[in-house]
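Student: First the structure, which I've put down as structure tokens, then a few questions once you've had a look.
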Amino acid sequence: MTSSAANQGMSVSISARRTRVRFDMQEKVITCTTMTRRPANADPKAKSPDCGYTYQRKGDRRITATATWQITWHAANQSGTVPMTRTSTRTLPVRELLAVNTRPS
């Protein structure tokens, strides 16, 4: 993410880059440095291309995600970097899917 603005001869630019996300999945903690958005038409059973987790048991799980960002700014011939983290928690239902064949081939 990048943004810049100028006013009265002063220009400011800022960029933010997510460097990693740490997921506490309750069963396991995973850290992802890349995350590819899953296409809407992807097979729901397909594994994540770069960062994913499959639960071993069903039940509600409280997931905590902590994203780490590197913020870079430039203004008035000055610049700097600022690390930032943001954490969010959500409870997700984990259910088991079973297929039943009612007409043998």
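The values are calculated or read from the model by the stated rules, or taken from the named source; none is laboratory data. All of these numbers come straight from a predicted model, not from anything done at the bench. Every residue, glycine among them, receives a Cβ derived from its backbone with ideal geometry; neighbour counts consider all protein chains shown. Just the protein is used for accessible areas: all its heavy atoms, side chains included, with ligands, DNA and RNA removed. Shrake-Rupley method; radii C 1.70, N 1.55, O 1.52, S 1.80 Å.
Student: Quick check on the stretch 67-85: of everything there that is of a type in the set (Gly, Ala, Ser) and in a strand (DSSP E or B), which residue is surrounded by the most Cβ atoms within 10 Å (Cβ to Cβ)?
Tutor: Just the residues of the stretch 67-85 that are of a type in the set (Gly, Ala, Ser), to begin with: 67, 75-76, 79-80.
Retained after the next criterion (residues that are in a strand (DSSP E or B)): 67, 75, 79-80.
Values: 67: 16, 75: 14, 79: 10, 80: 9.
This residue is 67.
Student: Which of (1) modelled with pLDDT under 95; (2) farther than 27 Å from residue 16 by Cβ; (3) open to solvent by less than 100 Å² (accessible area, probe 1.4 Å) is the odd one out, the single condition residue 92 does not satisfy?
Tutor: So residue 92 meets the others, but not (2).
Student: State which residue pairs qualify: first residue more than 14 Å from residue 65 (Cα to Cα) and inside the stretch 6-27, second residue among the hydroxyl-bearing types (Ser, Thr, Tyr) and surrounded by 11 or more Cβ atoms within 10 Å (Cβ to Cβ) in any location, beta carbons under 6 Å apart, and separation of 6 or more residues or different chains.
Tutor: Once the first residue is more than 14 Å from residue 65 (Cα to Cα) and sits in the stretch 6-27, its partners that are among the hydroxyl-bearing types (Ser, Thr, Tyr) and surrounded by 11 or more Cβ atoms within 10 Å (Cβ to Cβ) give 13/4; 15/72.
Student: Exactly one of (1) open to solvent by 50 Å² or more (accessible area, probe 1.4 Å); (2) among the basic types (Lys, Arg); (3) over 17 Å from residue 1 (Cβ atoms) is unmet by residue 61. Its number?
Tutor: (1)
Student: Under 6 Å by Cβ, and 6 or more places apart or on different chains, what pairs join a residue from the stretch 42-62 that is over 14 Å from residue 94 (Cα atoms) with one that is in a loop (DSSP other than H, G, I, E, B) and open to solvent by 50 Å² or more (accessible area, probe 1.4 Å)?
Tutor: The qualifying pairs are 49/36; 50/34; 50/36; 51/35.
Student: Of all the residues that make up the stretch 8-30, how many are polar (S, T, N, Q) and not in a strand (DSSP E or B)? Full working, then the answer.
Tutor: Quick first cut of the stretch 8-30, residues polar (S, T, N, Q) only: 8, 11, 13, 15, 19, 26.
If we keep only those that are not in a strand (DSSP E or B) too, we end up with 8, 26.
Final tally of qualifying residues: 2.
Student: Could you tell me which numbered condition residue 22 fails, if it satisfies all but one of (1) more than 27 Å from residue 3 (Cβ to Cβ); (2) of a type outside the set (A, V, I, L, M); (3) open to solvent by 80 Å² or more (accessible area, probe 1.4 Å)?
Tutor: In the conditions (1) more than 27 Å from residue 3 (Cβ to Cβ); (2) of a type outside the set (A, V, I, L, M); (3) open to solvent by 80 Å² or more (accessible area, probe 1.4 Å), residue 22 misses (1) alone.
Student: Let me ask something additional. Of the conditions (1) outside any loop (DSSP other than H, G, I, E, B); (2) open to solvent by less than 60 Å² (accessible area, probe 1.4 Å); (3) over 23 Å from residue 88 (Cβ atoms), residue 5 fails just one. Which one is it?
Tutor: Unmet for residue 5, out of (1) outside any loop (DSSP other than H, G, I, E, B); (2) open to solvent by less than 60 Å² (accessible area, probe 1.4 Å); (3) over 23 Å from residue 88 (Cβ atoms): (2).
Student: Got a number for residues in the stretch 31-58 being open to solvent by 80 Å² or more (accessible area, probe 1.4 Å) and assigned to a strand (DSSP E or B)?
Tutor: 1
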